[in-house]
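Trainee: If you scroll down you'll find the structure; I have some questions about it.
The values are calculated or read from the model by the stated rules, or taken from the named source; none is laboratory data. This structure is a prediction, so every number in the text was calculated from the model and none was measured. Ideal geometry is used to build each Cβ from the backbone, glycine not excepted, and the neighbour counts take in all protein chains shown.
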Amino acid sequence: MSILVVGSVALDTVETPFGKADDALGGSAIYFSAAASYFAPIRVVGVVGEDFPEERLEFLSKRNVDLTGLESKPGKTFRWGGRYGFDLNSRETLFTHLNVFEDFAPVIPDKYRDSQMVFLANIAPELQLDVLQQIKSPRLVALDTMNFWIEGSLTALKETLMHIHVLIINDSEVRQLAKEPNLVKAVRAIREMGPKVLIVKKGEHGALMFIEDSYFWAPAYPLEFIYDPTGAGDTFAGGFMGYLAKTGELSKENYRRALIFGSTMASFCVEKFSLEKLVDLKDEEIRERFTDFWHMTHFDHENSGF
Ligand code: AMP
């Protein structure tokens, strides 16, 4: 099953304590596609400017990512700059130059309108809803958003949430959206707004998934070298949805496996700058790390002797 992703395509300038990259390939749609394409065919809708070096996306075309929905417009490509603090947890946005992204009005090509799975990356909620209205009958829609939209476009965001299945956001955004400091209560309030599954990203502390009447925790992989956390959230979403699309099974157990594949892909993303590590992973590497997660989270509760 293929996945439609709508989001940003960017040239990022990123500073971390380990170095700096100028005009590195980035954007939510690109991180998502790079990760998800290890599992399923991907269809991308986005916009770039005339200055965009299209050859940098060749690795995606080779991996079954359909880029015909990527429009090239007169003007410059969206650029974002960020600087990370010493522990890589805090990030300061240095600049956001929307450029051609400012007037982004996604038009879904006819051949994508039958998409069964849709990832609405972090763009204006009005646009996210507009995209959904162009899709015939999606089986699974996941959405990412951020504080900017919660503050500035709450009504549109709430309207959009009524039409999606999975919401993937940070823990601070969960509290902000629900106006509730307690995470569990905040999650309940948001699930009543529409999404049946809520995934709370907690950075280096992993991700928590609320599904049906249970919750499940995926740790973050303990890495000795983390170079650049940019795009980890979108990469996580790519691994998560990619696995669901590959298997086509939407059971609770499969969602749990998908969450671990999300964490697995995010752990690769942060090991190098930009998308460097996501360019040519081997299936075997993904499988091995996925298995490591099983070792990290499994324990024998039957023989506790208690
Ligand atoms: P993340 O680290 O998950 O927040 O994703 C970082 C990616 O999001 C970078 O590659 C940026 O180019 C992109 N990005 C940053 N700000 C925005 C924005 N306002 N809208 C869309 N994409 C953005």
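Trainee: Does residue 93 satisfy being part of a strand (DSSP E or B), within 12 Å of the ligand (Cβ to nearest atom) and modelled with pLDDT under 95?
Mentor: yes
Trainee: Now for a separate question. State all residues of the range 1-50 that are touching a Phe, Trp or Tyr at 6+ places or on another chain (Cβ under 6 Å), at pLDDT below 95 and not in a loop (DSSP other than H, G, I, E, B); if no residue qualifies, say none.
Mentor: Selection gives 16, 21.
One line per residue, one yes/no per condition, for (1) farther than 21 Å from residue 144 by Cβ; (2) β-branched (Val, Ile, Thr); (3) assigned to a loop (DSSP other than H, G, I, E, B); (4) at pLDDT below 95:
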position	(1), (2), (3), (4)
216	no, no, no, no
227	yes, no, yes, yes
230	no, yes, yes, no
233	no, no, no, no
238	no, no, no, no
241	no, no, no, no
244	no, no, no, no
254	no, no, no, no
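Trainee: Also, quick follow-up: Could you look through the range 1-24, keep only residues that are crowded, with 24+ Cβ neighbours inside 10 Å and of a type in the set (A, V, I, L, M, F, W, C), and pick out the one that is nearest to residue 286 (Cα to Cα)?
Mentor: Only one residue fits best here, namely 3.
Trainee: Just a yes or no: is a residue in the range 80-87 hydrophobic (A, V, I, L, M, F, W, C), within 16 Å of the ligand (Cβ to nearest atom) and more than 25 Å from residue 276 (Cβ to Cβ)?
Mentor: no
Trainee: Where residues in the range 74-96 are of a type in the set (Gly, Ala, Ser) and out of contact with any Gly (no Cβ under 6 Å at 6 or more places or on another chain), which of them is nearest to residue 206 (Cα to Cα)?
Mentor: 90
Trainee: Restricting attention to the range 20-40, which residues are touching a residue at least 40 places away in the same chain (Cβ under 8 Å) and either within 11 Å of residue 274 (Cβ to Cβ) or not small (Gly, Ala, Ser) (or both)?
Mentor: Keep residues of the range 20-40 that are touching a residue at least 40 places away in the same chain (Cβ under 8 Å), which gives 21, 23-40.
Listed by number, the residues that qualify are 21, 23, 24, 25, 26, 27, 30, 31, 32, 34, 38, 39.
Trainee: To continue, here is another question. For the range 96-140, how many residues meet the condition of being within 12 Å of the ligand (Cβ to nearest atom), in a helix (DSSP H, G or I) and out of contact with any strand residue (DSSP E or B) (no Cβ under 7 Å at 6 or more places or on another chain)?
Mentor: Going through the range 96-140 one residue at a time, the tally reaches 2.
Trainee: Same structure, new question: Please name all residue pairs, on different chains or six or more residues apart, with Cβ atoms under 9 Å, provided the first residue is in the range 294-306 and is under 23 Å from residue 253 (Cβ atoms) and the second residue is part of a helix (DSSP H, G or I) and at pLDDT 95 or above.
Mentor: Qualifying pairs under 9 Å: 294/260; 297/260.
Trainee: Related question: Given the conditions (1) in a loop (DSSP other than H, G, I, E, B); (2) under 27 Å from residue 41 (Cβ atoms), report the number of the one that residue 222 does not fulfil.
Mentor: If we test residue 222 against (1) in a loop (DSSP other than H, G, I, E, B); (2) under 27 Å from residue 41 (Cβ atoms), just (2) comes out false.
Trainee: May I pose another question? Is the range 22-45 home to any residue that is more than 19 Å from the chain's Cα centre (by Cα) and over 21 Å from residue 120 (Cβ atoms)?
Mentor: Pass one, the range 22-45, residues more than 19 Å from the chain's Cα centre (by Cα): 22-23.
With the extra rule that they be over 21 Å from residue 120 (Cβ atoms), the set shrinks to 22-23.
Taking every residue of the range 22-45 in turn, at least one turns out to be more than 19 Å from the chain's Cα centre (by Cα) and over 21 Å from residue 120 (Cβ atoms).
Trainee: Taking the residues in the range 279-306 that are more than 28 Å from residue 37 (Cα to Cα) and hydrophobic (A, V, I, L, M, F, W, C) as candidates, determine which candidate is surrounded by the most Cβ atoms within 10 Å (Cβ to Cβ).
Mentor: Residue satisfying both the conditions and the ranking: 299.
Trainee: Separate question: Does the range 111-119 include one or more residues that are in contact (Cβ under 8 Å) with a residue 12 or more places away in the chain, among the acidic types (Asp, Glu) and within 16 Å of residue 28 (Cα to Cα)?
Mentor: No, the range 111-119 contains no residue that is in contact (Cβ under 8 Å) with a residue 12 or more places away in the chain, among the acidic types (Asp, Glu) and within 16 Å of residue 28 (Cα to Cα).
Trainee: Okay, moving on. How many residues are under 22 Å from residue 37 (Cα atoms) and surrounded by fewer than 21 Cβ atoms within 10 Å (Cβ to Cβ) when one looks only at the range 138-173?
Mentor: Number satisfying all stated conditions: 4.
Trainee: From the residues in the range 200-247 that are within 18 Å of residue 118 (Cα to Cα) and surrounded by fewer than 22 Cβ atoms within 10 Å (Cβ to Cβ), which one is farthest from the ligand (Cβ to nearest atom)? Let's see the steps before the verdict.
Mentor: Filtering the range 200-247 for residues within 18 Å of residue 118 (Cα to Cα) gives 233-247.
Narrowing further to those that are surrounded by fewer than 22 Cβ atoms within 10 Å (Cβ to Cβ): 246-247.
On the way: 246: 22, 247: 25 Å.
Ranking the candidates gives 247 first.
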